1. Which of rounded, prolate, oblate describes the chain, given a ≥ b ≥ c as roots of the alpha-carbon gyration tensor eigenvalues and a/c under 1.5 marking rounded, otherwise prolate only if a/b is larger than b/c?
2. Provide the descending list of Cα extents for segment 66-149 along its principal axes, expressed in whole angstroms.
3. Pull out a ≥ b ≥ c, the square roots of the eigenvalues of the alpha-carbon gyration tensor of segment 101-166, then state rounded if a/c is under 1.5, prolate if not and a/b is larger than b/c, and oblate in the remaining case.
4. Which is the longest stretch in the chain that no exposed loop site breaks, taking sites as GluC sites (Glu not before Pro) with a DSSP loop state and at most 14 other Cβ atoms within 10 Å?
5. Among W96, L164, G76, flag the residue with its Cα farthest along the positive direction of the charge dipole of the chain, charges on Cβ as +1 for Lys/Arg and -1 for Asp/Glu.
6. If you average the sequence gap of Cα pairs under 8 Å that are 6 or more apart and divide by the length of segment 13-165, what percent do you get for the contact order?
7. Pulled fully out, how much extra length does the chain show between D165 and D138, if you take 0.36 nm times their separation in residues and subtract their Cα-Cα distance?
8. Send over the semi-axes of segment 47-99's equivalent ellipsoid, whole angstrom and largest first, taken as the square roots of 5 times the C-alpha gyration tensor eigenvalues.
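Quick note: the coordinates plus some simple rules give every number you see, no bench work behind them. Computed from a predicted model, the values in this text were never measured in an experiment. Here the Cβ positions follow ideal geometry from the backbone for every residue, glycine too, while neighbour counts run over all protein chains shown.
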Amino acid sequence: MVWGIRAGRRPASYRAGMTTLRLAELTPDNLPAAVEMPLKPGQDKHVASVVMSVAEAYVNPTAWPRVVLDGEEVVGFVMGNFDADNDIPAFRAGIWRLNVHADAQGRGVGRFAVEQVAAEARARGFSRITVLWVPGEDGPEGFYLKVGFVPTGEEMFGQKIGVLDL
């Protein structure tokens, strides 16, 4: 069991080491930092940019874009999706995007973002979330497996599908 995800014990704000992470809606104040957030070299080939994600959220009413803040600093971006009626099970509840600032990787930011999407999904009555990732040497597969996602063995759009039961 991944601590906090299934048990639901970690609040929407928590201290991890010397940092305090919290989830926030996108605002005119934090949007520039979110769209300018650097990734580690090569990661951009595995995840869409925050700009593309925000544009997609603008036209898709089921998207749930959020920034992860450490104090007032943007250290991550996550976009969930909640659409119980979607014909494609992998798109009913899950993570569409997860970007973590290059300097914040390895500090629990990604895990926190996954836990927050899981908590929101539970609050909306879902019992599982999904994620799709591009396979590859520098890709996020290891991270998603580490936080508890299990590959389904299926692929969509050239991406692996993982599921996390809540």
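1. Judged from the Cα gyration tensor, the chain comes out rounded (a/c under 1.5).
2. Dimensions of segment 66-149 along the principal axes of its Cα atoms: 38, 32, 17 Å.
3. Oblate.
4. Result, exposed sites excluded: 73-136.
5. The residue sitting most towards the positive pole is L164.
6. Averaging sequence separation for qualifying contacts and normalising by length gives 19 percent for segment 13-165.
7. 7.2 nm
8. 22, 11, 9
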